[in-house]
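> Take this structure first; my questions come after.
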Amino acid sequence: MTTVDGSANAASAIEKGVGKLSVSKETPITKNTTNDSDEGGDSAEEDAENKDGAAKKKKNKKRNKKKKKKSGAGAAGQSETLSVPVSQLFPNNSYPVGEISEYVDDNKYRTTSEEMRAKDRLNEQQLFDLRRAAEVHREVRKNVRQRIKPGMDLTTIAEMIENGTRSLVEVNGLEAGIGFPTGLSINHCAAHFTPNAGDHVVLQQDDVLKVDFGVQVNGNIVDSAFTMSWNPRYDPLLQAVKEATNTGVREAGIDVRLGDIGAAIQEVMESYEIELDGKTTHIKPIRNLCGHNIGPYLIHSGKSVPIVANHDQTRMEEGELFAIETFGSTGNGYVLEEGACSHYAKIGGEHAKPRIPSAKKLLQTITKNFGTLPFCRRYLDRLGESHYYLGLKSLVDSGIVNAYPPLCDVKGSYTAQSEHTFILRPTVKEVLSRGEDY
């Protein structure tokens, strides 16, 4: 899920909300390769890397030399209908470890420090929860990337993803479930679109579809996104965001300045160009969208990771969980709110009690089922809520709930997204959402 970057004079960033152990054996770390793992499925992203001249790239200075291990993209034994919970496939918290990168320079000592290893062990349960969520994400996306096709209704796609997530994570109230509504934004719409009841949007052959979904276990959220298209002319756009996100992940680390990461991402993104209808266009980063850190039950926890250069001197810190997400556009590289809202989230902390009875009742439902996790109208419908529009509007107007309408560039443009979640462990950086597909 996306943060709007207030530093670019756009809408303000999303506000903050509330706030058995067994050892998982890490496989031996292998040496870093030049390129990150390729995307799989039916998306044209995997073809772009092999097209010489389709995109121009600049070399970037690496902040971290990496040794890394790539996790699998789904366990053997998973059913085609996504019916086998990952806890059954990986008993005793033996979930795959994410991609591991050792720290360098002033933080190189962390990899072998006994003190840092002891601190790492204190966070063992959080790592188990995050790896469980990440494995659910990998298995669900592996399945749906093979099934999403032009001609499908977006509601069908959203429910396919969400039902698969509920099944594999063994949904259990706020202990385990969906991290936020499934984003299915098409073409010039970059983020925050999911169908409401009654919406009948059919995926077209020439569409560029962003798929953004999250999984949470005990409030530990894994947030990852990819883009699909069925026309190879969009390959450079998809490759640009994929490489930009991999660059951001590579540059990230303890004590790294957020503004420096944005500069590295921007350099890579703007090195790509795309030819559409006989016109060559440089791909632009969407400058008022950015990545974010993640807190317990908080998809946006205060820090924003820009995708363009700025003067933000804020540093990443040990123990933080981040989502690096990048957006590329053939349009203006700037989004505005457009269309009917579907995404909402309760704001944490103390607030005035609702005066309208319908709002009071709805708030109880939201608090019980979502807490500060984002939700959408379809989720309220699923819980049996009806005639809630007045109550929901009252909660938004009262500052109890935030509304997040779709974010769109200029009509006629195309946008793409790529996103990974990683944690800055005391000893190493672990890219939790990495898989064989991307």
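The values are calculated or read from the model by the stated rules, or taken from the named source; none is laboratory data. Note that the coordinates shown come from a computational prediction; the quantities given were computed from them, not determined experimentally. Reconstructed Cβ throughout: ideal geometry from the backbone, glycine too, with neighbour counts over all protein chains shown. To get the accessible areas, we keep the full protein, side chains included, count just its heavy atoms, and leave off ligands, DNA and RNA. Shrake-Rupley method; radii C 1.70, N 1.55, O 1.52, S 1.80 Å.
> Please identify the trypsin sites (Lys or Arg not before Pro) of the range 254-355 that satisfy two criteria: DSSP loop assignment and at most 13 other Cβ atoms within 10 Å. Which are they? Let's see the in-between values first.
Working: sites: Arg257, Lys279, Arg287, Lys303, Arg315, Lys346, Arg355; in loops: Arg287, Lys303, Arg355.
Taking the range 254-355 and a limit of 13 other Cβ atoms within 10 Å, the loop trypsin sites (Lys or Arg not before Pro) found are Arg355.
> From the square roots a ≥ b ≥ c of the eigenvalues of the alpha-carbon gyration tensor of the range 152-279, which class results: rounded (a/c under 1.5), prolate (a/b over b/c), or oblate? Write out the running numbers ahead of the final one.
Details: a/c = 2.82, a/b = 1.16, b/c = 2.44.
Judged from the Cα gyration tensor, the range 152-279 comes out oblate (a/c at least 1.5, b/c at or above a/b).
> While we're looking at this one, here's another question. With the other protein chains left in place, how much accessible area per residue, in square angstrom, belongs to the range 341-404 at a 1.4 angstrom probe?
Numbers: 3340 Å² over 64 residues.
With all protein chains present, the range 341-404 gives 52 Å² per residue.
> Determine the share of the range 341-404's accessible area contributed by carbon and sulfur atoms, expressed in whole percent, with a 1.4 angstrom probe. Could you put the intermediate results ahead of the total?
Working: 1780 of 3340 Å².
Roughly 53 percent of what the probe reaches on the range 341-404 is carbon or sulfur.
> Could you order Ile186, Ile423 by accessible surface area, starting with the largest, using a probe radius of 1.4 Å? If you can, show how the numbers build up before the last one.
Working: Ile186 30, Ile423 5 Å².
Largest accessible area first, the residues go Ile186, Ile423.
> Next question. For the range 106-215, which whole percent of the accessible surface, found with a 1.4 angstrom probe, sits on carbon and sulfur atoms? Walk me through the intermediate numbers first.
Values: 1970 of 4040 Å².
For the range 106-215, the apolar C and S fraction of the accessible surface comes to 49 percent.
> Report the GluC sites (Glu not before Pro) located in the range 157-256 that are in a DSSP loop and have at most 13 other Cβ atoms inside 10 Å of their Cβ, or state none. Please report the intermediate quantities before stating the final value.
Details: sites: Glu159, Glu162, Glu170, Glu175, Glu243, Glu251; in loops: Glu170, Glu175.
Passing both the DSSP loop test and the Cβ count: Glu175.
> Which value, in Å², gives the accessible area per residue of the range 240-330 when a 1.4 Å probe is used on the protein heavy atoms? Please report the intermediate quantities before stating the final value.
On the way: 2810 Å² over 91 residues.
Here the residues of the range 240-330 average 31 Å² of exposed surface.
> If you don't mind, another one. Given the pairs Lys210/Lys353; Lys142/Lys429; Lys142/Lys210; Lys210/Lys303, which are separated by over 27 angstrom at their Cα positions? Walk me through the numbers on the way to the answer.
Details: Lys210/Lys353 37 Å; Lys142/Lys429 24 Å; Lys142/Lys210 15 Å; Lys210/Lys303 23 Å.
Beyond 27 Å between Cα atoms: Lys210/Lys353.
> Do any GluC sites (Glu not before Pro) in the range 75-139 lie in a DSSP loop with no more than 10 other beta carbon atoms within 10 Å, and if so, which? Each step should come with its number before you reach the end.
Details: sites: Glu80, Glu99, Glu102, Glu114, Glu115, Glu124, Glu135, Glu139; in loops: Glu80.
Answer by residue number: Glu80.
> Related question: Can you list residues whose amide H is under 5 Å from Ala191's amide H, if they're 5+ apart or on another chain and H is modeled 1.01 Å from N?
Here Leu407 satisfy the definition.
> Can I ask one more? Can you tell me the dipole magnitude for the range 272-316 around its Cα centre, using point charges on the Cβ only (Lys, Arg +1; Asp, Glu -1), in Debye to the nearest 20? Don't skip to the end; give the middle numbers.
On the way: 5 positive and 4 negative charges, 51 e Å.
Dipole of the range 272-316, to the nearest 20 debye: 240 debye.
> Oh, and also: Once you order the gyration tensor axes a ≥ b ≥ c over the Cα atoms, which shape class does the range 341-404 get: rounded for a/c under 1.5, otherwise prolate or oblate by comparing a/b with b/c? All intermediate terms of the calculation are to be shown ahead of the outcome.
Details: a/c = 1.40, a/b = 1.17, b/c = 1.20.
It is rounded, given that a/c, with a ≥ b ≥ c, falls under 1.5.
> Now for a separate question. Along the charge dipole of the range 341-404, which of Ser358, Ala345, Tyr389 sits closest to the positive end, that is, farthest toward it, with unit charges on the beta carbon of Lys, Arg, Asp and Glu (+1, +1, -1, -1)?
Going by the charge dipole, the pick is Ser358.
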